[in-house]
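Below is one structure, written out as structure tokens; comments come after it.
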Amino acid sequence: MVIEQLDPLFTEIAGYLGEIEGNERVWSILDSEETRPLQEGWTREPGYFTVPGTYGFDTQALYVAVAPAYVQDDPSGVTNAEREQLLQQLITDVWNESRDAWSTGTIETVYRSASRNVWEPAPSRMAAAANDLGDVARWLADQVAPGSGWTSPQNGEAHQWLVDLHQNWPATSQSSQSFYEFWDDVSDKCSLYLHAATRLAATSAQATAVVNDLQTNLVEAATAVRDRAVETLKQWQAWKDSSGAWPTGRTVPGDAPGILGGLSLATGAIGLFPPAAFLGFVSVAAGVGSYLVPAGEKLEMAVMEAVTASDLYNGFLTDLKTMSDELTKALDSLRTEAPGGDATFGHQSLQAFTADVVANRHDWSPLPVNL
Amino acid sequence: MTIEIRMRSIYRAAHHTLPAKATRFQRRADEITSGIEPMVSELALAGNHPVAGELADLSVELFVHLREMVRTLNDSATALDAIADDFVAVDEEAAAWFEQNQHYAGDPELATEPTAPEV
């Protein structure tokens, strides 16, 4: 199950977002320390502080301290060194509070819920089902092939038992004509059934490919967001080195994976599972999507524009909803678009084809036999 | 033409050929059921997408026709068996042949009814 890959990623992302927000809150404290008005007898002293975390770092910042000339008049008994330590404690507490707030499991639950439609279906189960339907199509193809024996007893291709039966039908019984008409008609009916079975198998294989590809894409996207969060935390480290990379130097999405989108029969992105392919099997493990959904159109991920914890969180949530929408659109395409090609019913969408089959039920039924 | 060819051709069709054909249709009908049920249930997890409804409807139509094939072949086998039995009852030569071929006594072993998809 793909959720087994996603859950740890969601947990990592939530943890890193908590760390990023921790950094943001720490900087808010340090900024206010450097800008709050000073009363008489107070000054700012350079302090050395540690920002905790997986990608923690040391930084220098000014803190409010008693001016040297007023130290002897300070009734509090607190030294400036202790004030520096108190500020460090506040930094650590606030940072931990942020990290813990993002690590309660709520974020993972939200992400799970938003992406449920993509990760819940099991492509391996769908592939097995598509193979069963493909078996039916392959067998029906054999029934319409020359030599299948579904023919009139007078036909040269009739099997011997049918010829014998025809020649030896007892005169004591009713006419056997309806039986031979039924028998001769089976291959015509199987030809119709073959179209239906092919459409069933093809659409099932395509739906399997779509789900499989979007699940793969979901894992890639979650991995990219995790990496993006790590990159952001590293940018915080770089900033204290005055590299200028933060906060004005937003990184531009480069080779980051996008959201697989625009999958449609009309655009050719979802290839029709060809009847010839029924000779093979639909295999998720072998990469069913590699030939059914070739490249696909990539949509830019909203999260890649984000740098703050809040924006990263909301950006990824937007991306997850987009992925779910793209799955719905791709499945819509399988339902409402005509596959085209040379197939007899290629001009009809699945929806139209199914409606026709239902409406023409009588024509599809085997001929009655009255013996 | 001997009575042997006549009787054997009818009984073989009734007891072997037609039930075997019916069984093959029954297996494929069951395969539709075993294929469509998980497909529809998995697509239900993909936001209950309506494509599952079309696949279900189409599969049910196909299943019904294949089941009708099974029933027609089974009924034909039963009818042929009855026709042969009737002939044995009125024809001495046929009765004598049947006496030597008791494995055709009784009803043909018919294909079972395929299980309809619950979709």
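Structure data summary
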{"quantity": "Scope the range A:41-55; condition more than 16 Å from A:N80 (Cα to Cα) and either surrounded by fewer than 16 Cβ atoms within 10 Å (Cβ to Cβ) or touching a strand residue (DSSP E or B) at 6+ places or on another chain (Cβ under 6 Å) (or both); matching residues", "calculated": "A:T50, A:V51, A:T54"}
{"quantity": "Meets criteria (more than 25 Å from A:R226 (Cα to Cα), free of Cβ contacts under 8 Å to residues at least 40 places away in the same chain and outside the structural domain of A:E24 (by TED's automatic domain parsing)) for A:S333", "calculated": "no"}
{"quantity": "Residues of the range A:78-132 classified as modelled with pLDDT under 95, of a type in the set (G, A, S) and not in a helix (DSSP H, G or I), total", "calculated": "2"}
{"quantity": "Residue in the range B:37-53 that is at the interface with another protein chain (Cβ under 9 Å from one of its Cβ atoms) and within 24 Å of the chain's Cα centre (by Cα) present", "calculated": "yes"}
{"quantity": "Residues (within 30 Å of the chain's Cα centre (by Cα) and of a type in the set (F, W, Y)) located in the range A:10-61", "calculated": "A:F10, A:Y16, A:Y55"}
{"quantity": "Filter result for A:S152 (part of a helix (DSSP H, G or I) and more than 34 Å from the chain's Cα centre (by Cα))", "calculated": "no"}
{"quantity": "Residues of the range B:69-87 that turn out to be more than 7 Å from every other protein chain (Cβ to nearest Cβ) and farther than 23 Å from B:E113 by Cα, as a count", "calculated": "2"}
{"quantity": "Filtered residues of the range B:82-119 (kept if more than 9 Å from the chain's Cα centre (by Cα), at pLDDT 95 or above, within 22 Å of A:S178 (Cβ to Cβ) and buried (at least 19 other Cβ atoms within 10 Å of the Cβ))", "calculated": "B:P108"}
{"quantity": "Residue that is nearest to the other protein chains (Cβ to nearest Cβ), among those in the range A:143-154 that are without any contact (Cβ under 8 Å) to a residue 24 or more places away in the chain and either in contact with an Asp or Glu (Cβ under 9 Å, 6 or more places away or on another chain) or crowded, with 20+ Cβ neighbours inside 10 Å (or both)", "calculated": "A:G149"}
{"quantity": "Any chance A:L140 is within 24 Å of B:A82 (Cα to Cα), part of a helix (DSSP H, G or I) and within 11 Å of another protein chain (Cβ to nearest Cβ)", "calculated": "no"}
{"quantity": "The range B:26-36, residues that are at the interface with chain A (Cβ under 9 Å from one of its Cβ atoms) and within 10 Å of the chain's Cα centre (by Cα)", "calculated": "B:R27"}
{"quantity": "Output for the range A:336-357, where each listed residue is modelled with pLDDT under 80 and either in contact with a His (Cβ under 8 Å, 6 or more places away or on another chain) or within 9 Å of chain B (Cβ to nearest Cβ) (or both)", "calculated": "A:G340, A:A343, A:T344, A:F345"}
{"quantity": "Single match in A:V211, A:V219 (criterion: in the same structural domain as A:H347 (by TED's automatic domain parsing) and under 30 Å from A:T308 (Cα atoms))", "calculated": "A:V219"}
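The values are calculated or read from the model by the stated rules, or taken from the named source; none is laboratory data. Just so it is clear, the model here is predicted, and its values are computed rather than measured. Note: ideal-geometry Cβ built from the backbone for every residue, glycine included; neighbour counts use all protein chains shown.
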